[in-house]
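Participant: Dropping the structure in here first, questions after.
Values quoted throughout were computed directly from the atomic coordinates according to the rules given, and no laboratory measurement underlies them. Predicted model, so just to flag it, every value in this text is computed and none were measured. Cβ atoms come from the backbone with ideal geometry, glycine included; neighbour counts cover every protein chain shown.
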Amino acid sequence: MKLTEIDRNFSAAGIGDRTLAFFDAMAAPAVLSGFPWYDGNGPLFRLPEALLPRLEPGVGTLTFHTSGGMIRFRTDAVAMAIDAELYLPSDMSHMPRNGSAGFDFYLGSGVDKAYYNSAMPDQGRERLTFMAAEGLEPGVMREWTVYLPLYGGVRRVRIGVTPGSTVAPPSPFFRPEPVVFYGSSITQGGCASRTGNSFTNLLCRWFDVNQVNLGFSGCGRGEAVLAAAIATLPMSVFVLDYDHNAQTPEELEQTHEPFFRIIRERRPDLPVIMISRCDSAFTPDAVRRREIIRRTYDRAVGGGDRKVWYIDGSTLFAGPDRDSCTVDRIHPNDLGFYRMATVIRPILQEALAAAAVK
């Protein structure tokens, strides 16, 4: 579809010595994903507003962070740029701005997507304009995936392409129903060096599946009302990973199995993966936490549940130099996220296969 057919009032603007035609990347023919409750108004958000008063207060801000969000499209443009209006741009001392507030561009379709480029805003700026690609071969339709910021928000995204280019919808995901992740700052993506390197983005790219990321930094507290909301979502697999945010083992014990039971009662055939926090500590507190999550799993299996898996978080950084897997003894760096994804990968593969069996 030509840009003039998408929007007769398409805008042309210059970046450097390039004149580009910009289209709304949050609307067709591009596909925006990762925001099941978004109604098209205001900044992107991950949870319905009516739910926020009943959750940990910080979720009211974190819901506007766009972790897990993707924009996908195909175009034969020989040059491409992004023009984004940001909301709550994020800078943190232990995380590159490229990961917290940047955009990653991947080229390719299916499981063959490859990293191409990144765009990040200047410090404190709420507008980002960046030339993402130039000098591409003409006459070739290419598929692009743009990962949205992990710790910042987005009001609007426009993509600029060579005037006269065709823009078309992307290829469908291998599995239409997303993998839904619920958890802590680690689930949200802290502290990947860039957005495509979070463990949820790695996993979903490897399997060419959509995702909904409900990681809330410091605020994943296992509230029953949130479990009930999650249970209403279309999903292929649910990943439960909020151990780090339970303030005490007692809190984890009070919330973990009830959270799972709410999901299971409403979605009896849904594959569920439970993960304890990613560390190698064997302190009494750490051991007890793992035992609590393992107990939820054991009780489910003992009751005949055959669509539930448990991953011991002490295995997630397995391998040499495991002490090099974090930025602060808690949050993974890129090595840590890659190792996490590698350990989770075969379990997610089993769960996705089980999801296909009705």
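Participant: Charges at C-beta only: +1 for Lys and Arg, -1 for Asp and Glu. How large is the resulting dipole of the chain about its Cα centre, in Debye rounded to 20?
Facilitator: With Lys and Arg at +1 and Asp and Glu at -1, about 520 debye.
Participant: Here is a further query. Per residue of region 68-79, in order, report the coupling 6.51 cos²θ - 1.76 cosθ + 1.60 (Karplus, θ = phi - 60°) as ³J(HN,Hα) in whole Hz, putting x for Gly and Pro.
Facilitator: Working through the residues one at a time gives x, x, 9, 10, 10, 6, 10, 7, 9, 4, 8, 8 Hz.
Participant: I would also like to ask the following. Among residues other than GLU143 whose Cβ falls under 9 Å from its Cβ, what is the net charge (Lys/Arg +1, Asp/Glu -1)?
Facilitator: +4
Participant: Whole-Hz Karplus ³J(HN,Hα) for region 99-107, in order, using 6.51 cos²θ - 1.76 cosθ + 1.60 and θ = phi - 60°, x for Gly and Pro?
Facilitator: Couplings: x, 6, 10, x, 10, 9, 9, 10, 10 Hz.
Participant: By counting other Cβ atoms within 10 Å of each Cβ, how are MET120, MET92 ranked from fewest to most?
Facilitator: Taking fewest neighbouring Cβ atoms as first place, the list is MET92, MET120.
Participant: Right, here's the next one. Do any chymotrypsin sites (Phe, Trp or Tyr not before Pro) in region 220-293 lie in a DSSP loop with no more than 12 other beta carbon atoms within 10 Å, and if so, which?
Facilitator: Here the chymotrypsin sites (Phe, Trp or Tyr not before Pro) that fit, given the DSSP loop and packing criteria, are PHE282.
Participant: Continuing with this model, one more query. Please name whichever of THR326, GLN211, SER236 sits farthest to the positive end of the charge dipole of the chain, dipole taken about the Cα centre and charges placed at Cβ: Lys and Arg +1, Asp and Glu -1.
Facilitator: SER236
Participant: Would you mind telling me which residue in PHE207, PHE199, PHE45 has the biggest mean-square fluctuation in a Gaussian network model of the chain, where springs connect alpha carbons within a distance under 10 angstrom?
Facilitator: PHE207
Participant: Of all DSSP beta bridges in region 175-355, what percent run antiparallel (nearest 5)?
Facilitator: 5
Participant: Let me know the charge dipole size of region 175-355 about its Cα centre in debye, to the nearest 20, where only the beta-carbon of Lys, Arg (+1) and Asp, Glu (-1) is charged.
Facilitator: It works out to roughly 320 debye.
Participant: Can you run phi through the Karplus equation (6.51, -1.76, 1.60; θ = phi - 60°) for region 248-259 and list ³J(HN,Hα) in whole Hz, with x for Gly and Pro?
Facilitator: 9, x, 4, 5, 4, 5, 6, 10, 5, 5, x, 4
Participant: How much net charge surrounds THR232 when only the other residues with a Cβ under 11 Å from the Cβ of THR232 are counted, with Lys and Arg +1 and Asp and Glu -1?
Facilitator: +2
Participant: Now a separate question. Rounded, prolate or oblate: which fits the chain, taking a ≥ b ≥ c as square roots of the Cα gyration tensor eigenvalues, rounded meaning a/c under 1.5, else prolate when a/b beats b/c?
Facilitator: Prolate.
Participant: So if I take the centroid of the Cα atoms in region 322-352 and the same for region 52-123, what is the distance between those two points in Å?
Facilitator: Value for the Cα centre distance between the two parts: 20 Å.
Participant: Using a cut-off of 15 Å between beta-carbons, work out the net charge of the residues near GLY215 (Lys and Arg +1, Asp and Glu -1, GLY215 not included).
Facilitator: Result for the local shell: -1.
Participant: If Rh is defined by the Kirkwood formula over all Cα pairs and Rg also comes from Cα, what ratio Rg/Rh do you get for region 175-355?
Facilitator: Using Cα coordinates only, the ratio equals 0.93.
Participant: Quick one: which residues, 5 or more positions from ASN210 or on another chain, have an amide H under 5 Å from its amide H? H modelled 1.01 Å from N in the peptide plane, none for Pro or chain starts.
Facilitator: For ASN210, the qualifying residues are ARG175, VAL179.
Participant: In whole Å, how far is the Cα centre of region 278-316 from that of region 172-214?
Facilitator: Distance between centres, Cα-based: 21 Å.
Participant: Quote the charge dipole size of region 153-269 about the Cα centre in Debye, to the nearest 20; the model charges only the Cβ of Lys and Arg (+1) and of Asp and Glu (-1).
Facilitator: Charge dipole of region 153-269: 740 debye, to the nearest 20.
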